[in-house]
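The structure appears right after this line, and notes come after that.
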Amino acid sequence: MTKILGAQLYTVRNFAGTPNEFDESLRKIKEMGYTTIQLSAIWHIPVDELAAIARGHGLKVVVTHIPYDRFINDLDGVIRDHHTLGCGLAGLGGLPAEYHSAEGYIAFAKKFSAIADELAQNGLKFSYHNHHWEFQSYNGKLGMDVLIEQTSPENFLFTLDTYWVQVGGGDPSAWIRRLKNRVEAIHLKDLTIIDSQQIMTEIMEGNLHWPEILQACEEAGVKWYLIERDDGPTDAFDSLKISYNNLHKFGFS
């Protein structure tokens, strides 16, 4: 089975302020060898332009991060935009602060289960991206547990982030396996320590156990492997290239 690497465009969000900058960023990403992308933090450019530029570079949009308010107030627009992009996964980048409680996780799961159902009726799936706060325990149950148990395995998926699982005290491989068939897209992101500070780094340049993580991904049915680095000391494009090159030894293309 071919394992396809994608670039999470949040990594290069500071180089996509205009359509021309976005076009140039995608040119560089395509030249590295990437064939898929995630759209995130670049919604100031009209969606039809985003779609046309991506197609022009032969890059497929496989997942998004959409602002919370749009899911709540403009779901029809979200659906329309994903059809324009040819993208089947509508993603949310994180849990709003008002839901960070035992009751909040339950309320969020209920609200977004209904949203996920409506997306499914329009040929799309919802995908939730975790950080570390989902690994806080409330009355003996992790927030992540609530999201898994209170939502539909068919319509409510997870864009699991390896870095944030590790920061939350979880084992990325174990969580990937637990979410078998619910992780179509995953964020590959490494963690290292520099000057006693925990930072994000390129894949296989840090401390995560990548052979086990990638094996778990294969077992769990992951389709889209997205490289991301939110911030760090190296150039964002260099970071994407280093991670891409490092993963070639594991059969990625």
Bin width 5 Å, origin at 0, all Cα-Cα pairs of segment 155-225: what percent of pairs per bin? 3, 18, 30, 25, 13, 7, 3, 1, 0
Restricting to DSSP H runs of at least four residues, report the calculated mean residue ellipticity at 222 nm for the chain, -39500 (n - 2.57) per run over all residues, nearest 500 deg cm²/dmol. -12000 deg cm²/dmol
So the carbon and sulfur contribution to the accessible area of segment 119-240, 1.4 Å probe, in percent, is 43
Given the options SER137, SER243, SER25, which has the most mean-square fluctuation in a GNM of the chain, springs set between C-alpha atoms less than 10 angstrom apart? SER137
Which three numbers, in whole Å and largest first, are the semi-axes of the equivalent ellipsoid of the chain derived from its Cα gyration tensor as √(5λ)? 26, 24, 17
Taking the Cα centre of the chain as origin, sum charge times position over the Cβ atoms of Lys and Arg (+1) and Asp and Glu (-1), and report the length of that vector in debye to the nearest 20. 620
The Cα radius of gyration of segment 22-160, divided by 2.2 N^0.38 Å with N its residue count, comes to 1.12
Can you give the FRET efficiency for ASP231 and GLU149, using 1/(1 + (r/R0)^6), R0 = 25 Å, r = Cβ-Cβ distance, to the nearest 0.05? 0.15
Given a 1.4 Å probe, how much area per residue of segment 31-102 is accessible, in Å²? 39
Counting only DSSP beta bridges with both residues in the chain, what percent are antiparallel, rounded to the nearest 5? 20
Using the crude model of +1 on Lys and Arg Cβ and -1 on Asp and Glu Cβ, and no other charge, please compute the dipole size for segment 17-118 relative to its Cα centre, in debye to 20. 340
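The values are calculated or read from the model by the stated rules, or taken from the named source; none is laboratory data. Keep in mind that what you see is a predicted model, and the values were worked out from it rather than measured. Glycine gets a Cβ as well: all are built from the backbone with ideal geometry, and neighbour counts include every protein chain shown. All accessible areas refer to the heavy atoms of the entire protein, side chains included, with ligands and DNA or RNA removed. Shrake-Rupley method; radii C 1.70, N 1.55, O 1.52, S 1.80 Å.
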